[in-house]
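Participant: Once you've had a glance at the structure underneath, I'll fire off some questions.
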Amino acid sequence: MTGLVVEIGEKAFPGASGGANPPLYKDFRLEIADRAFVALLGPSGLGKTTLLNMIAGVDKAFTGRLDFTNGRRPRISYVFQSPRLLPWRTVLQNVALPLPQGADSLKRARAAIADVGLAGSEDVYPERLSLGMQRRVALARGFAVEPELLLMDEPFVSLDEANTAKLHDLLNDLIAARPTTTLFVTHDSREAVRLADRIVVLEGPPARIARDITVPLTREARRIPGEIERVRDLVVGRLQSVAAVNG
Amino acid sequence: MASRLGWSAISLAVFVAVWWVIALAHGDFRLLPTPPLVIDALVVTAKSGALFYNLLVTLARVAASFLLAMTLGSALGILLGMSRTADRLIGPWVVLFLNLPALVIIILCYVWFGLIESAAVAAVAINKIPNVAVTLREGAASLSRDLAEMAAVYGFGPWKTLRHVILPQLAPFFAAAARSGLALVWKIVLVVELLGRPNGVGFELQTAFQLFDVATILAYAFAFGFIVQAIELGIIQPWEQAANRWRR
């Protein structure tokens, strides 16, 4: 397991004409405790995905530093906004490929596929599955590697409500069974309250932390719409003073 | 599949019939032999052993230069597709060689390296490499960044990334290059044999040409065309189907 400190001096994308766009991040700092479930909430286009990409190491074009509290680079899983499965490999191969090779890897992959409720679909090619099922495969792949740090980028966007609720429950169960530090990007405040124990609300650009809220709900309370709405008031800033106390 | 074969058979039968009628109408069987005369010529060369020997020799040259061109051309094309600097530096060379006449390359290879086997194979390969490179450059330039990032995050490493992420994306481009490559390579191989080899289908065609033996020329042409068709149907198409199983 690992905690994480992100410090970004500056991050900007090059503009179309060759110059630099205004920075997405400037002197930004975010600390994430070990085994925390942190939701990053903010409007689209703010650079939430960019932040995950920088943490995941696929975007290295920034000044700043990442400190993992366990002192080395942790095992990272990244559940992307689109499932990003290999269409020419079966569900089983997609889940097994990130695992270290060995007799064990297929077993672990099968278990992860069963965990997301897709037992029986191991030998299917992803494009034959519905989007909801593809998202579950992506989730299975993310969990099969037993990550120390789990990055999730709106992994349930564009699903219907029933499917989303199911996947939320599934995510809760999986994390309860195997605790991991989670950073979950979303623009849906209800989803954030439903899942996270800490919500970081971003504003900008450049992105800065507008509110930092601890969600005091138990697992059971998260299923009660009234409770969710109560916390949501803090999150969306309708009750600034309480939020400030909490932050 | 069955009906497609049926249609192909009908189409080819009509072709043979038209040829037969024209040959009979023309009347000079030395200039345009009828189908039975070509089959006779085929049987004669087959019985002497010359047919199979020369087909084999030519096929070996086709295989060698095809493999050489596919390997080097793919490597070059992938490099050009993935690196903009490489494309800027070497891209113009590819265009230059793409437009260099096959005959020029063949003659230069023979002049510089002698009338030897390796010069013949190299000449054919050099003719084909730019085509393969251009096709694979398209493929490499359109590789998915999303999947590359996924592979990087999940620590696939170079070998797994190549095998499971990159090559499957390039498969259609390999198939296109292989198909057009086979057709081009075997035509050029015949020219190479005609100009500077003592055996092979191209050499036999030249001999038949000097003897004005049109029946033998047609016999070799059909025998070799048949083999290339068999490679297409027996190897390339099944491989393509296997590679495309995952498509909806």
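Participant: Specify the residue with the greatest mean-square fluctuation among B:Gly200, B:Gly139, B:Gly114, computed from a Gaussian network of chain B linking alpha-carbon atoms under 10 Å apart.
Facilitator: B:Gly114
Participant: Also, quick follow-up: P(r) for the stretch A:2-128: what percent of alpha-carbon pairs falls in each 10 Å bin, starting at zero?
Facilitator: For the stretch A:2-128, the binned pair fractions read 10, 31, 28, 23, 7, 0 percent.
Participant: For B:131-142, what's the mean count of beta carbons from other chains sitting within 10 Å of each residue's beta carbon?
Facilitator: Values: counts 0, 0, 0, 0, 0, 0, 0, 0, 0, 0, 0, 0.
Mean partner-chain Cβ count within 10 Å for B:131-142: 0.
Participant: Let me ask something else about it. Taking the Cα centre as origin and putting +1 on Lys and Arg beta-carbons and -1 on Asp and Glu beta-carbons, what dipole magnitude results for the stretch B:112-248, to the nearest 20 debye?
Facilitator: Dipole magnitude for the stretch B:112-248 comes out near 560 debye.
Participant: Okay, next question. What number does chain A give for Rg over Rh if you use C-alpha atoms and the Kirkwood radius? Please report the intermediate quantities before stating the final value.
Facilitator: Numbers: Rg = 18.4 Å, Rh = 18.9 Å.
For chain A, the value is 0.97.
Participant: So how do A:Met54, B:Met150 line up by other beta-carbon neighbours within 10 Å, fewest first?
Facilitator: Working: A:Met54 21, B:Met150 27.
The order, fewest Cβ neighbours first, is A:Met54, B:Met150.
Participant: Between B:Leu5 and A:Glu161, what FRET efficiency comes out of the Förster formula 1/(1 + (r/R0)^6) with R0 = 60 Å and r the beta carbon distance, rounded to 0.05? Please list the in-between numbers first.
Facilitator: Working: r = 52 Å, r/R0 = 0.87.
Here the calculated transfer efficiency is 0.70.
Participant: Something else: Can you run phi through the Karplus equation (6.51, -1.76, 1.60; θ = phi - 60°) for the stretch A:76-87 and list ³J(HN,Hα) in whole Hz, with x for Gly and Pro?
Facilitator: 10, 10, 10, 9, 7, 5, 9, x, 6, 8, 7, x
Participant: Over chain A, what is the mean sequence separation of C-alpha contacts under 8 Å (at least six apart), divided by residue count, expressed as relative contact order in percent?
Facilitator: Working: 453 pairs, mean separation 61.3, N = 247.
It rounds to 25 percent for chain A.
Participant: Please list, ordered by chain and number, the residues whose modelled amide H lies under 5 Å from the amide H of A:Thr182; skip anything fewer than 5 residues away on the same chain.
Facilitator: Correct list: A:Ala36, A:Phe37, A:Val38, A:Leu150.
Participant: Also, quick follow-up: With springs only between Cα atoms under 10 Å, which of A:Ala144, A:Ala39, A:Ala165 fluctuates most in a Gaussian network model of chain A?
Facilitator: Comparing A:Ala144, A:Ala39, A:Ala165 in the GNM, the peak value goes to A:Ala165.
Participant: Could you pull out the pairs from B:Lys128/B:Lys160; A:Lys26/A:Lys60; B:Lys47/B:Lys187; A:Lys166/B:Lys160; A:Lys11/B:Lys160 whose alpha carbons sit more than 22 Å apart here?
Facilitator: B:Lys128/B:Lys160; B:Lys47/B:Lys187; A:Lys166/B:Lys160; A:Lys11/B:Lys160
Participant: Right, something else. Give the average, rounded to an integer, of partner chain Cβ atoms located within 10 angstrom of each Cβ in B:163-170.
Facilitator: Details: counts 1, 6, 4, 0, 1, 4, 3, 0.
That works out to 2 on average.
Participant: Mind sorting B:Val189, B:Val201, B:Val43, A:Val58 by how few other Cβ atoms lie within 10 Å of their own Cβ, fewest first? Before the final figure, lay out each step's value.
Facilitator: Details: B:Val189 30, B:Val201 27, B:Val43 12, A:Val58 16.
With the sparsest Cβ surroundings first, the list reads B:Val43, A:Val58, B:Val201, B:Val189.
Participant: Next question. Rounded to the nearest 20 debye, what is the charge dipole size of the protein assembly as shown about its Cα centre when +1 sits on each Lys and Arg Cβ and -1 on each Asp and Glu Cβ?
Facilitator: 380 debye
Participant: Here is a further query. Using only atoms on other chains, find how many Cβ atoms lie within 10 Å of each Cβ of peptide A:80-86 and report the average.
Facilitator: On the way: counts 4, 1, 2, 2, 8, 2, 9.
Average neighbour count from other chains, rounded to a whole number: 4.
Participant: Comparing A:Arg190, A:Arg136, A:Arg198, which has the greatest mean-square fluctuation in the GNM of chain A with Cα pairs linked when under 10 Å apart?
Facilitator: Per the Cα network of chain A with a 10 Å cutoff, A:Arg190 tops the list.
Participant: Per the Kirkwood treatment, what hydrodynamic radius in Å, one decimal, follows for chain B from the mean inverse distance over all distinct Cα pairs?
Facilitator: Working: mean 1/r = 0.0484 Å⁻¹.
One over the average 1/r among Cα pairs gives 20.7 Å for chain B.
Participant: Given labels modelled 7 Å from the Cα in the Cβ direction, how far is it in nm from A:His187 to B:Glu240?
Facilitator: Here the answer is 4.2 nm between the modelled labels.
Participant: Using only the alpha-carbon atoms of the protein assembly as shown as identical scatterers, what base-10 log of I(q)/I(0) does the Debye formula give at q = 0.08, 0.10 Å⁻¹?
Facilitator: So the normalised log intensities work out to -0.69, -0.88.
Read-outs: derived from the displayed coordinates by stated rules, not from any lab. Everything numeric in this text was worked out from a predicted model, so none of it was measured. Glycine gets a Cβ as well: all are built from the backbone with ideal geometry, and neighbour counts include every protein chain shown.
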